[in-house]
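These notes are about the structure you will find just below.
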Amino acid sequence: MPYVHFDMETADPDDVMTLAMLATHPRAELRGVTITPGGPDQVGLVRHVLKRLGRADVPVGVGASKPEKRYVSEFHYKWLGRIDDVPGAPSAEEVITSVVNAWPDVVMLTGAKLTNVANFIRKGGKLARAVLQGGFAGDSLVPVERRLAKFAGRETCPTFNLNGDIDAAFVVLESGVPCRLVSKNVCHGLAWTPAFHERVRGAKRTAGLDIIFEGMGVYLRNKSEGKKLHDPFAACCLIEPACAEWAPVEVYRERGEWGSKLALGSSTQITIGADEEAFFRTLTAS
């Protein structure tokens, strides 16, 4: 059972969905959370979710935020109700360091730009391995039958988390830590649709999945096309690598876009396909 540290943001609801899933998943142990950038509204939200799930023991750290700015999207309050801000929290580097010292084999999962993780590495921190939500696998890697029409013909594409702090992305990718990237063109094929919602309704749910189910019920009222499951899929790939098909690669960037080249023997891998049934089984494990 992997120990997990989750580095997250709060603009998109899929990070909080992932937090809720990891907090109570029977096949993972959530040991720490860091927030990008880490405003008081974000700390309040994360601690609220952890407390609701009986996981107030999980340490929460923050990056560098602007005190006057708010970072939590309004959807989170429609979902979870009004939540008090919580000013003051340890730094992300401090929390990651304490988690790694206590559990050296902890896996870093990222759902945000890589600033917090890179700062930890710049100070000499070492990670056993990491699963990064982001990156792109093009046609030269993805089998024809697995290509999404919206990305067909492409070798590179902008990806939000890696472009959020480009220098930090390269610090992590070039640090020597074994990395698995959950590529944009694979996770875009997985969505929480009304049909998926009904399937989850019939599943046995953990307390964390109950919170997710509640939130997606709210989300689907106004967005019936569904929600892309970037970070929950990345978390499931961490717990059960068979949720995806992987290829060893060298990651590169050109003209503002990211791509991957096959590199046999590389310690960096990227998803080139998804097993939707393995993902569903892992998400709903109880």
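Listing for the model above:
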| quantity | calculated |
| --- | --- |
| ARG27 of a type in the set (Lys, Arg) and touching a strand residue (DSSP E or B) at 6+ places or on another chain (Cβ under 9 Å) | no |
| All helices (runs of 4 or more DSSP H) inside the stretch 172-231 with 1 or more residues being surrounded by 19 or more Cβ atoms within 10 Å (Cβ to Cβ), in contact with a Cys (Cβ under 9 Å, 6 or more places away or on another chain) and at negative phi | 184-187 |
| Residue in the stretch 133-149 that is buried (at least 24 other Cβ atoms within 10 Å of the Cβ) and touching a Lys or Arg at 6+ places or on another chain (Cβ under 6 Å) present | yes |
| Pair list, Cβ under 8 Å, 6 or more apart: the stretch 75-99 residue within 29 Å of PHE213 (Cβ to Cβ), other residue hydroxyl-bearing (Ser, Thr, Tyr) and assigned to a helix (DSSP H, G or I) | PHE75/TYR219; TRP79/TYR219; ILE83/TYR77 |
| Failed criterion for PHE6 (all others in (1) surrounded by 24 or more Cβ atoms within 10 Å (Cβ to Cβ); (2) more than 17 Å from VAL117 (Cα to Cα); (3) touching a Leu at 6+ places or on another chain (Cβ under 7 Å) hold) | (2) |
| Selection status of THR18, touching a residue at least 24 places away in the same chain (Cβ under 8 Å), of a type in the set (Ser, Thr, Tyr), outside any loop (DSSP other than H, G, I, E, B) and buried (at least 18 other Cβ atoms within 10 Å of the Cβ) | yes |
| Tally of residues being loosely packed, with under 13 Cβ neighbours inside 10 Å and either in contact with a strand residue (DSSP E or B) (Cβ under 6 Å, 6 or more places away or on another chain) or assigned to a loop (DSSP other than H, G, I, E, B) (or both) across the stretch 65-96 | 9 |
| Of the criteria (1) farther than 30 Å from PRO241 by Cβ; (2) touching an Asp or Glu at 6+ places or on another chain (Cβ under 7 Å); (3) of a type in the set (D, E, K, R), which one GLU9 fails | (1) |
| Filter result (touching a His at 6+ places or on another chain (Cβ under 9 Å) and of a type in the set (Phe, Trp, Tyr)) within the stretch 96-120 | TRP103 |
| Positions within the stretch 113-159 being of a type in the set (A, V, I, L, M, F, W, C), out of contact with any helix residue (DSSP H, G or I) (no Cβ under 8 Å at 6 or more places or on another chain) and outside any loop (DSSP other than H, G, I, E, B), in sequence order | VAL144, ALA149 |
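Listed here are the residues, each with its yes/no results for (1) on the phi > 0 side of the Ramachandran plot; (2) within 21 Å of the chain's Cα centre (by Cα); (3) crowded, with 21+ Cβ neighbours inside 10 Å; (4) of a type in the set (Asp, Glu).
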residue	(1), (2), (3), (4)
MET108	no, yes, yes, no
ARG122	no, no, no, no
LEU127	no, yes, yes, no
PHE160	no, yes, no, no
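Yes/no per residue for (1) within 17 Å of the chain's Cα centre (by Cα); (2) closer than 30 Å to LEU45 by Cα; (3) among the charged types (D, E, K, R):
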site	(1), (2), (3)
GLY217	no, yes, no
LEU220	no, yes, no
GLU225	no, yes, yes
GLU240	yes, yes, yes
LEU264	no, no, no
ALA274	yes, no, no
PHE280	yes, yes, no
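Read-outs throughout are calculated quantities, based only on the coordinates presented, and are distinct from any laboratory measurement. The shown structure was predicted, so the numbers you read here are calculated from the model rather than taken from an experiment. A quick note on method: Cβ atoms are made from the backbone with ideal geometry, for glycine too, and the neighbour counts reach across all protein chains shown.
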